[in-house]
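*Asks:* Quick one: the structure is below, questions incoming.
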Amino acid sequence: MKEEILASEARRIALTAQGFNALSRNKQVSPLQIRKVIDKLGLLQVDSVNVLVRAQYVLVFSRLGIYDHATLDALIAERPRRYFEYWGHEASILPVDCHPLLRWRMADASQGKGIWRQLEIYAGEKRKEADALLERIRQEGNFDVKETIWSSPTSKPVYNTKLIARRQMIGSVLQEFMYAAPGTANSPVERIEYISFNRIEGRWRSVSMDIRVPVGLMPAASFDRGQESKIRLIFDPFPIAGKGSSVTGQMLRMDETINFEDPDHVVKEQHFILADGSGKSWLAHRYEYTKRK
């Protein structure tokens, strides 16, 4: 056995121990590989870095190379739970086996003990503000989505249950990315939508894009602030290109109703209207969201 090693050898040993040996990089990454990375590290630190991506995604990338972020999201959200988010080293994704070790800290924190001094006020006189923030967070997260499609007024419905929606607040804007569930043959991202309330105009504004159809950006707006549990958006008319190489197609109008049944269930219904003066309308899409626990 060598009693001394070179500094370069020591560096390689240290990097290999942390998973930086590049042996598993740039291959197809499976959920099992991601689990092994988390188990080896003990946790994934969560940090809202605003330059590249959130820290937990970088930690996995640095060890496995390019991978689908939705795979990590699904792994963290899957049931039965393997991981939970709590204050470990910092805000972290932790193995659920660590949960019993931290319950004493959770019990103290619920009474405003042992937390940052700057946060103590939110366990007391500003508790209502904290509760309002928690309610906002409940609107975010990962949702299983059931999509129902009627391509024409007389078509039979087609169902797609292999979708996951990930919602995140960016300032006052709700961002939604809809992914194909991991392991399916569909494209990684199916649909993108941004929606926000314009307080000056007193109405909602939205812009969305669906990569599965030959349509560009689809702006929309409401006429008013809507009801407490329902928003109705009217889209600008847009063209649908015909199939094949011929220059054919049709103009459509669309309106969308968003029903917030409860924090864990949302239903979006999209009605298509032929922009030919006939006013013929039909339910074309329904998205049923169920929040993952």
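The values are calculated or read from the model by the stated rules, or taken from the named source; none is laboratory data. None of these values were measured; they are calculated from a predicted model. Glycine also receives a Cβ, built like all others from the backbone with ideal geometry; neighbour counts cover every protein chain displayed. Heavy atoms of the whole protein, side chains included, go into the accessibility calculation; ligands, DNA and RNA do not. Shrake-Rupley method; radii C 1.70, N 1.55, O 1.52, S 1.80 Å.
*Asks:* Just to be sure I understand the model, the point goes 7 Å from the Cα along the line to the Cβ. What's the resulting residue 79 to residue 27 distance in nm?
*Replies:* Here the answer is 3.4 nm between the modelled labels.
*Asks:* Mind listing the long-range amide H neighbours of residue 46? Cut-off is under 5 Å, sequence gap 5 or more, other chains count too, H placed in the peptide plane at 1.01 Å from N.
*Replies:* Answer set, sorted by chain and number: 91, 92, 93.
*Asks:* Between 0 and 90 degrees, rounded to the nearest ten: what's the tilt of helix 127-138 against the longest Cα principal axis of the chain?
*Replies:* For 127-138 against the chain, the angle is about 70 degrees.
*Asks:* Another question, then. Which ³J(HN,Hα) values, rounded to whole Hz and listed in residue order, are derived for segment 206-221 from phi using the Karplus coefficients 6.51, -1.76 and 1.60 in 6.51 cos²θ - 1.76 cosθ + 1.60 with θ = phi - 60°, glycine and proline given as x?
*Replies:* Whole-Hz 3J(HN,Hα) from phi for segment 206-221: 9, 9, 9, 8, 10, 6, 7, 10, x, 10, x, 5, 10, x, 8, 7.
*Asks:* Build a GNM of the chain with springs between Cα atoms under 10 Å: which of 42, 279, 216 gets the top mean-square fluctuation?
*Replies:* For the chain, modelled as a Gaussian network with Cα springs under 10 Å, the answer is 279.
*Asks:* Here is a further query. Which of the residue pairs 268/293; 27/291; 36/162; 40/128 have a Cα-Cα distance greater than 29 Å in the structure shown?
*Replies:* Correct reply: 27/291; 40/128.
*Asks:* Could you give the nm distance between label points at residue 172 and residue 194, where each point is 7 Å from its Cα heading toward the beta carbon?
*Replies:* For the pair residue 172/residue 194, the computed spacing is 1.4 nm.
*Asks:* Here's something else I'd like to know. Between residue 16 and residue 117, what FRET efficiency comes out of the Förster formula 1/(1 + (r/R0)^6) with R0 = 41 Å and r the beta carbon distance, rounded to 0.05?
*Replies:* It comes to 0.50.
*Asks:* Right, here's the next one. Return a whole-number percent for the relative contact order of the chain, with Cα pairs under 8 Å and 6 or more residues apart as the contact set.
*Replies:* 11 percent
*Asks:* Using only the heavy atoms of the protein chains and a 1.4 Å probe, how would 82, 166, 232 rank by accessible area, largest first?
*Replies:* Per-residue accessible area, sorted high to low, gives 232, 82, 166.
*Asks:* Taking segment 255-286, which trypsin sites (Lys or Arg not before Pro) meet the DSSP loop condition and have no more than 11 other C-beta atoms within 10 Å?
*Replies:* Of the trypsin sites (Lys or Arg not before Pro), the ones in loops of segment 255-286 whose Cβ has at most 11 other Cβ atoms within 10 Å are 280.
*Asks:* Over segment 1-131, what relative contact order in percent results from Cα pairs under 8 Å that are six or more residues apart?
*Replies:* Value for segment 1-131: 19 percent.
*Asks:* Taking amide H atoms as placed 1.01 Å from N in the peptide plane, list the residues 5 or more away in sequence, or in a different chain, whose amide H sits under 5 Å from that of residue 179.
*Replies:* Placed amide hydrogens put 164, 165, 166, 190 under 5 Å from residue 179.
*Asks:* Using a Gaussian network for the chain with springs between C-alpha atoms less than 10 Å apart, which of these wobbles most: 176, 228, 261?
*Replies:* In the Gaussian network model the winner is 228.
*Asks:* Which residue fluctuates most in the GNM of the chain (Cα springs below 10 Å): 70, 17, 180?
*Replies:* Of the options given, 17 has the highest mean-square fluctuation.
*Asks:* So how tilted is helix 31-41 from the main axis of the chain? Cα-based, degrees 0 to 90, rounded to 10.
*Replies:* 40 degrees
*Asks:* For residue 91 and residue 58 in one chain, what is 0.36 nm times their gap in residues minus the Cα-Cα distance, to one decimal in nm?
*Replies:* Gain on extension, residue 91 to residue 58, equals 10.4 nm.
*Asks:* Subtract the Cα-Cα distance of residue 290 and residue 211 from 0.36 nm times their separation in residues, and report this length gain in nm to one decimal.
*Replies:* Taking residue 290 through residue 211 to full extension adds about 26.2 nm, to one decimal.
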